[in-house]
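The values are calculated or read from the model by the stated rules, or taken from the named source; none is laboratory data. As the structure is a computational prediction, the values presented were derived from the model and not from experiment. Reconstructed Cβ throughout: ideal geometry from the backbone, glycine too, with neighbour counts over all protein chains shown.
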Amino acid sequence: MQNKKIRTDKIVRKLPANAKIVDIKNGISLYNINTFQNIMSWNQYNLNTPALEYFGNKITYGQLPKFVDEYAKGFASLGIKKDSIVTMSLPVSNEYILSLFATCNMGVISNNVNFLFLRNNMAKYTFEKNSDTIIILDVYLPLIIKQIKNTGIKNIIITSLSDYLPEEKKMYFNDLNKLPKKIKEAFEDKDVLSECLEEIKNLKNINFIRMKELIKVGQNSRNNLDYPQVDIKKDSIYSYTSGTTGEPKCIVFTEQSPNAIIEMHGGLNLRDYVGERTLVLIPPSHATGMFYATYLQMAKGKTLVLEPIYDKKTFATDLKDLKINHTLAAASFYLEAVAQNNIEVNGLPHLNRPCTGGEPITESNVYLINNWLKKTGCKEKIAIGGGAGEVGSSALTSYELDPETKTNETGLPIPGVYVKIIDPKTKQEVKQGQRGIIQISSAAAADRYLNNEKATNEYYYYDNKGIRWANLGDIAVLNENGTYSMLGRSSDSYIDENGNTKYLFDIENSLEIDDPIIEWEITAFKTTKNYEVVGQVVLKNEYIGHEDEVIRFLCNKYKLNGIKIYDSFEISEVTGKRDYRLLKHDYNSYYYPFDENSLIEKNYSEKGTITYKIVNNNYVKKDVKQLKKLI
């Protein structure tokens with residue numbers, strides 16, 4: 001069998017002998033198998049293909065069950081069993097994915113937490129979840145060690161980025177520059193490391209064990225684990241909202257949800273092939289990273305190329321050097337590649353499924369990205385997905401749209417997903433072309449928010465036909481061609497002096513292809529009188545040095561109260577997207593035209609005050625012919 005010639009919609013599936021349909025949701029048949037069994041059922045004829053590749057170290061689909069069993073036996077030796085709750089705070093790595101499969105087989109609930117959440121309040125994410133075991137990356141430990149004694153943790157399983165590296169690459173992560181900024185800062189502070197070691201000495205009732213030692217226990221065990229019978233209605237996964245619109249909430253997924261994601265994509269012609277290489281950048285601590293980027297791609301027989309600590313500045317060269325066929329990345333990653341423009345013509349002929357999702361993207365940005373993709377030899381345009389993690393992620397996709405005509409539509413519902421758009425005032429479904437709040441019913445939807453009945457009832461409801469709907473809180477529109485476009489968050493708005501709701505994404509989406517910026521964010525600052533609407537922008541390379549003209553141009557064209565120019569937007573270590581919270585609270589150094597020779601510098605504040613200072617045009621003027629064409 002030549003894997004590269006097998007389209008993923010033509011995979012011959014072999015279900016376990018005892019598999020049977022136990023439920024049907026939105027027309028999707030669900031079997032009494034767990035996620036790992038589901039993935040393996042699609043790969044019984046694909047056992048020699050690498051499932052995981054970590055800096056050259058490979059694990060094939062045929063080897064996966066053995067590795068997963070060894071992890072499970074190691075966990076069992078610590079007393080972990082069905083219904084235990086194991087907290088995982090890990091980057092994209094073999095240890096994370098194998099731990100997820102092992103806990104899945106054991107009937108254990110995986111509690112998947114971004115380490116920044118742990119650092120902020122470890123008790124909230126462990127003790128309050130009744131979790132007494134945590135699997136954590138060693139470099140995260142100094143950041144949370146002082147909180148551990150207040151959490152009830154009994155087992156700390158420590159992993160290392162170097163454990164699965166080939167021998168010749170074992171020293172790769174000794175370079176602190178390869179670590180995230182916050183972790184690098186901790187490790188550069190020797191006092192932090194010393195304090196960590198002292199704290200560990202004092203925690204005498206906690207079992208510290210390295211993952212590689214636990215795996216040896218599993219390898220040497222002669223006991224065969226008796227895995228529990230699968231119940232797809234049983235709690236299986238805890239995940240968390242990003243917290244960008246408030247306090248992060250714990251989302252509870254039953255075993256049904258990841259199974260449904262796989263079943264919902266069965267038979268879809270995504271124009272991809274078994275054995276293709278998919279670059280995984282989003283950690284499974286995010287529902288999208290777990291369900292779409294990991295589980296779904298493995299069910300399609302792909303090879304997951306794992307990158308644990310990621311810098312978007314290397315995105316384009318990694319696509320080239322690693323010969324990546326498919327990836328899911330935030331739009332800012334692609335725009336960084338556009339800005340760098342460091343891939344030669346036809347340098348990415350193997351890239352056939354570039355995907356993004358999780359945030360609306362402007363038509364002008366899609367144009368820039370697609371032009372870059374075409375130049376690099378990619379024969380596909382960018383595929384856009386949308387839908388909150390609570391509904392199973394990527395509920396809407398532009399997979400199957402005509403590649404010649406699609407632009408920035410979020411796309412069509414995949415099988416098992418129903419969509420409607422509701423007028424927020426009348427609560428009635430709107431007509432084609434009208435805006436409203438998007439609601440989605442998905443076979444893969446989460447069960448509830450943990451211990452939060454109020455939030456669950458606000459997010460989900462049943463209609464008179466017994467169909468369960470989720471209120472995403474996003475503004476969307478049904479287009480003439482039957483596709484949906486998610487325009488932005490309903491909260492991304494303000495009320496003007498006439499009492500009208502003004503959506504900031506309307507300004508963002510009006511950005512034109514030839515405008516002098518590559519990306520922007522529109523923010524409204526509340527003042528003591530009303531709102532001031534400002535633009536936070538990243539310039540196209542050819543306009544660096546023309547900043548004063550750009551400020552004048554954008555303020556005049558888009559009626560903005562100020563412009564702030566960034567070298568690039570900070571990426572949130574929690575979401576992997578543009579750091580909206582940072583931008584929303586970045587109050588200083590906005591510029592607005594005063595006269596031909598001067599600008600006004602504005603500084604806002606939390607209290608709504610504004611301070612002003614008149615400054616000379618303080619940017620170097622060069623050749624401005626291109627800008628004058630626009631004006």
Please go through (1) farther than 23 Å from LEU412 by Cα; (2) surrounded by 15 or more Cβ atoms within 10 Å (Cβ to Cβ); (3) touching a residue at least 40 places away in the same chain (Cβ under 8 Å) for ASN451 and return the number of the only condition it doesn't satisfy.
(2)
Could you check how many residues of the range 79-96 are within 22 Å of the chain's Cα centre (by Cα) and farther than 17 Å from ARG210 by Cα?
1
With the requirement that a residue be charged (D, E, K, R), surrounded by fewer than 20 Cβ atoms within 10 Å (Cβ to Cβ) and either in contact (Cβ under 8 Å) with a residue 60 or more places away in the chain or under 25 Å from THR523 (Cβ atoms) (or both), what does the range 470-491 give you?
ARG489
Looking at GLU400, GLU390, GLU344 in this structure, which one is closer than 28 Å to TYR273 by Cβ and either in contact (Cβ under 8 Å) with a residue 60 or more places away in the chain or not assigned by TED's automatic domain parsing to the domain that holds SER485 (or both)?
GLU400
Hey, PRO360 buried (at least 22 other Cβ atoms within 10 Å of the Cβ) and free of Cβ contacts under 8 Å to residues at least 60 places away in the same chain or not:
no
Checking the structure you have, find out if any residue of the range 278-294 is touching a residue at least 40 places away in the same chain (Cβ under 8 Å) and closer than 16 Å to GLU380 by Cβ.
yes
Starting from residues that are surrounded by fewer than 17 Cβ atoms within 10 Å (Cβ to Cβ) and not polar (S, T, N, Q), keep the ones in the range 59-88 and report whichever is nearest to PHE253 (Cα to Cα).
ASP83
Just give me the residues in the range 490-546 being in contact with an Asp or Glu (Cβ under 6 Å, 6 or more places away or on another chain) and either at positive phi or aliphatic (A, V, I, L, M) (or both), in sequence order.
LEU504, ILE522, VAL538
Can you tell me how many residues in the range 330-361 are outside any strand (DSSP E or B), under 23 Å from the mean Cα position of the chain (by Cα) and farther than 20 Å from TYR543 by Cα?
9
Restricting attention to the range 120-164, the residues that are crowded, with 18+ Cβ neighbours inside 10 Å and not in a helix (DSSP H, G or I) number exactly 18
How many residues of the range 1-40 are closer than 17 Å to ALA51 by Cβ, of a type outside the set (Lys, Arg) and in a loop (DSSP other than H, G, I, E, B)? The answer is 4
Across the range 106-119, what is the number of residues that are more than 15 Å from TYR240 (Cβ to Cβ) and surrounded by 22 or more Cβ atoms within 10 Å (Cβ to Cβ)?
2
In this structure, does GLY562 turn out to be of a type in the set (Gly, Ala, Ser), at pLDDT 95 or above and not assigned by TED's automatic domain parsing to the domain that holds LEU118?
yes
Scan the range 309-340 residue by residue and report those that are in contact with a strand residue (DSSP E or B) (Cβ under 8 Å, 6 or more places away or on another chain) and of a type in the set (Lys, Arg).
LYS312, LYS323
Of the residues in the range 492-518, how many are surrounded by fewer than 14 Cβ atoms within 10 Å (Cβ to Cβ), hydrophobic (A, V, I, L, M, F, W, C) and modelled with pLDDT of 90 or more?
1
Out of ILE209, ILE309, sole residue that is more than 27 Å from ASP447 (Cβ to Cβ), assigned by TED's automatic domain parsing to the domain that holds ILE135 and outside any helix (DSSP H, G or I):
ILE209
If you go through the range 356-368 one residue at a time, do you hit one that is out of contact with any strand residue (DSSP E or B) (no Cβ under 7 Å at 6 or more places or on another chain), of a type in the set (Val, Ile, Thr) and either under 29 Å from ILE475 (Cβ atoms) or at pLDDT 95 or above (or both)?
yes
Can you pull out every residue in the range 55-80 that is assigned to a strand (DSSP E or B) and modelled with pLDDT under 95?
ASN57
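Results for (1) at pLDDT 90 or above; (2) of a type in the set (S, T, N, Q); (3) farther than 30 Å from GLY358 by Cα, shown as yes or no for each residue.
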| residue | (1), (2), (3) |
| --- | --- |
| TYR543 | yes, no, no |
| LEU554 | yes, no, no |
| PHE569 | no, no, no |
| ARG581 | no, no, no |
| ASN588 | yes, yes, no |
| ASN597 | no, yes, yes |
